[in-house]
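Take a look at the structure set out below.
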Amino acid sequence: MKLFPIRGGVHPEYRKEQTSEKAIVAMPMPRLLYIPLQQHVGAPAEVLVAGGDLVKKGQMIARSQGTISASQHAPTSGRIVSVTDVAAPHPSGLPQTTIIIEPDGKDEWADLPEPVADPFAADLQVIRDRVAQAGVVGLGGAVFPAAVKLNLGTQYKIEILLINGAECEPYITCDDRVMREYADEVIDGARIVARVMGAPRVVVGIELNKPQAIEIMTKAAAPFAEVEVVGVPALYPMGYAHELILAITGRETPAGKRTAEVGVVAYNVATVRAVHQAVRFGRPLISRVVTVSGGAIREPKNVLTPIGARVADLIEFCGGFSAPPARLVNGGPMMGEPLPSLEVPVVKGTAGILALTAEETNTQAASPCIRCGSCVTICPAGLSPVEMAAFIRKDNLEAAARLGVMDCVSCGSCSWVCPSHIPLVHYFNYAKGALNKQERERRKNERVKILAEVRVIRVEKAAEAKRAAMAARKPATAATPAADAPPGNAGQANTSSTAEEKTNA
Ligand code: SF4
Ligand code: SF4
């Protein structure tokens, strides 16, 4: 297949050899599991259990609510210890509502939904419902509810379903291993998603630094004419969906637009495998493969981890630290975030846990910009990081927004390439957070203003109706009862008017 040039990109040291040749291993069930209600984009799930309840493996313990949300399930059987606040695996470490489960060691399954007998003949809504019921979210980092994304096929004409197997982040190899060990499941899940989306073609994009994955996936795709596996250059951030789509189709997604608008939707390889599990077996998303790596980890591994296991338990399963880590990262070194503590849980979006030594981290102090322009050349979003950072430093966020800071995908390429070691991406993350907050405030004020205006109109209407009722009542109350009218008629009229008045009030 002919490939198209992409914009920008850098070549960091990939350092994937620490785990790429190690088969996935399952960690033993830890003593406690911590399941946050919010592990996805959208509204947190609604709790269905309380302290003391007994649950079975795969049982729904929190239900999705609202249009964009995802359900949570028990990763094993056991007892609910409590529903309480626990630190989130986010740099802020802020607490979030979490269900704590004490496993009972029996690992007893709940009654799962019946498998869909033939996903290629079943009603499309049945499949969408099954994916929603299973709490599947984007496992490549987006954590967007997969069932909601399936609806894109009803709004746009999707020509290509792109399966993202690029995995361009250094150190991280969980998708590589999923493709090598579960290729048939990935291809089946991709075909199911393509059917629901109405996409006639499926293209699996894999970086050329994963030759075994390309070979195995090509074999698994061979029986299906609509599926093609394509090797793409190893160039960070090829895994960013817009870049991969550009490389494979030549289609550029306009800033701020969905890829569906150019006829392509991208799903991560592990996500479509989870769709396969949900549809073919009725199994919810209760575990995921996590790469545990870095120079400070004694035995780097790809670990099948129950959702909710503490990072501390996961690291212990990997032999603990061989050296004091200089940096603990949730995700890859380019886009990952600092881990606030080892006590936080693994969630659906956790692709990697890295413990890096001082030699592996860039800890050099920043020096003044030398106007080399490298950050501009490599930015995949076509932005000017040097200028945006200058405005943000002066706290002129509006000017940074005009330059497109909200289109920054936080890939970190500009920080990586900067010879002055300026932590550019930190500026952009700060600015995006502040601008998002301003926007939320603006919308809130707008909503309050609209509500106030609606109230004024309602009060005016009620007053108007009241005046009209009073006017209508006047002749009746003023009139002298006719001599032959039965006594009490006037009183009846008065009673009736009073009731009407009450109704209008
Ligand atoms: S972090 Fe943002 S500004 Fe920097 S290279 Fe990536 S997209 Fe461009
Ligand atoms: S890469 Fe660094 S030094 Fe070069 S222009 Fe950008 S901010 Fe300045």
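Residue count for the stretch 394-409 satisfying the condition of being within 16 Å of ligand 2 (Cβ to nearest atom) and either among the aliphatic types (A, V, I, L, M) or in contact with a Phe, Trp or Tyr (Cβ under 7 Å, 6 or more places away or on another chain) (or both): 4. Quick one: is R458 more than 30 Å from G332 (Cα to Cα) and away from ligand 2 (no atom under 16 Å from the Cβ)? In short, yes.
Which members of the stretch 389-404 meet the condition of being in a helix (DSSP H, G or I) and either at positive phi or in contact with a Leu (Cβ under 9 Å, 6 or more places away or on another chain) (or both)? A389, F391, L397, E398, A400, A401, listed by residue number. In the set (1) β-branched (V, I, T); (2) in contact with a helix residue (DSSP H, G or I) (Cβ under 8 Å, 6 or more places away or on another chain); (3) within 14 Å of I286 (Cβ to Cβ), the condition left unmet by V116 is number (3).
Scanning the stretch 55-104 for residues being in contact (Cβ under 8 Å) with a residue 60 or more places away in the chain and among the polar types (S, T, N, Q) gives a total of 10.
Taking the stretch 335-360 as the range and being in contact (Cβ under 8 Å) with a residue 60 or more places away in the chain, more than 16 Å from ligand 1 (Cβ to nearest atom) and part of a loop (DSSP other than H, G, I, E, B) as the test, the residues that pass are L339, P340, S341, E343, V344, V346, V347, K348, G349, T350, A351, T357.
Listed conditions (1) more than 16 Å from ligand 2 (Cβ to nearest atom); (2) more than 26 Å from the chain's Cα centre (by Cα); (3) in a helix (DSSP H, G or I) are all met by T363, apart from (3). Residue count for the stretch 377-388 satisfying the condition of being in a helix (DSSP H, G or I) and near ligand 1 (Cβ under 9 Å from one of its atoms): 3. How many of the residues making up the stretch 50-85 are part of a loop (DSSP other than H, G, I, E, B) and either among the acidic types (D, E) or over 16 Å from I100 (Cβ atoms) (or both)? Result for the stretch 50-85: 10. May I ask you to list the residues in the stretch 423-444 that are hydroxyl-bearing (S, T, Y) and either more than 12 Å from ligand 2 (Cβ to nearest atom) or part of a loop (DSSP other than H, G, I, E, B) (or both)? Y430, the sole residue that qualifies. Would you confirm whether any residue within the stretch 46-56 is among the acidic types (D, E), surrounded by fewer than 21 Cβ atoms within 10 Å (Cβ to Cβ), more than 26 Å from the chain's Cα centre (by Cα) and within 25 Å of G352 (Cβ to Cβ)? No, because not a single residue in the stretch 46-56 is among the acidic types (D, E), surrounded by fewer than 21 Cβ atoms within 10 Å (Cβ to Cβ), more than 26 Å from the chain's Cα centre (by Cα) and within 25 Å of G352 (Cβ to Cβ). In a residue-by-residue description of the stretch 26-39, the property of being surrounded by 15 or more Cβ atoms within 10 Å (Cβ to Cβ), closer than 23 Å to T291 by Cβ and in contact with a Lys or Arg (Cβ under 6 Å, 6 or more places away or on another chain) applies to at least one position.
Residue count for the stretch 405-422, restricted to those that are near ligand 1 (Cβ under 6 Å from one of its atoms) and either part of a loop (DSSP other than H, G, I, E, B) or without any contact (Cβ under 8 Å) to a residue 12 or more places away in the chain (or both): 5. Checking each residue of the stretch 299-318 against the condition of being without any contact (Cβ under 8 Å) to a residue 40 or more places away in the chain and touching a strand residue (DSSP E or B) at 6+ places or on another chain (Cβ under 7 Å) gives at least one match. Entry remark, the stretch 366-389: residues being more than 7 Å from ligand 2 (Cβ to nearest atom), more than 22 Å from A255 (Cα to Cα) and surrounded by 12 or more Cβ atoms within 10 Å (Cβ to Cβ) number 1 in total. Quick check on I187: is it under 23 Å from Q18 (Cβ atoms), buried (at least 24 other Cβ atoms within 10 Å of the Cβ) and either among the aliphatic types (A, V, I, L, M) or in the same structural domain as G331 (by TED's automatic domain parsing) (or both)? In short, no.
The values are calculated or read from the model by the stated rules, or taken from the named source; none is laboratory data. Owing to the predicted nature of the structure, the values given are computational and were not obtained by experimental measurement. Neighbour counts run over all protein chains shown; Cβ positions are idealised from the backbone, glycine included.
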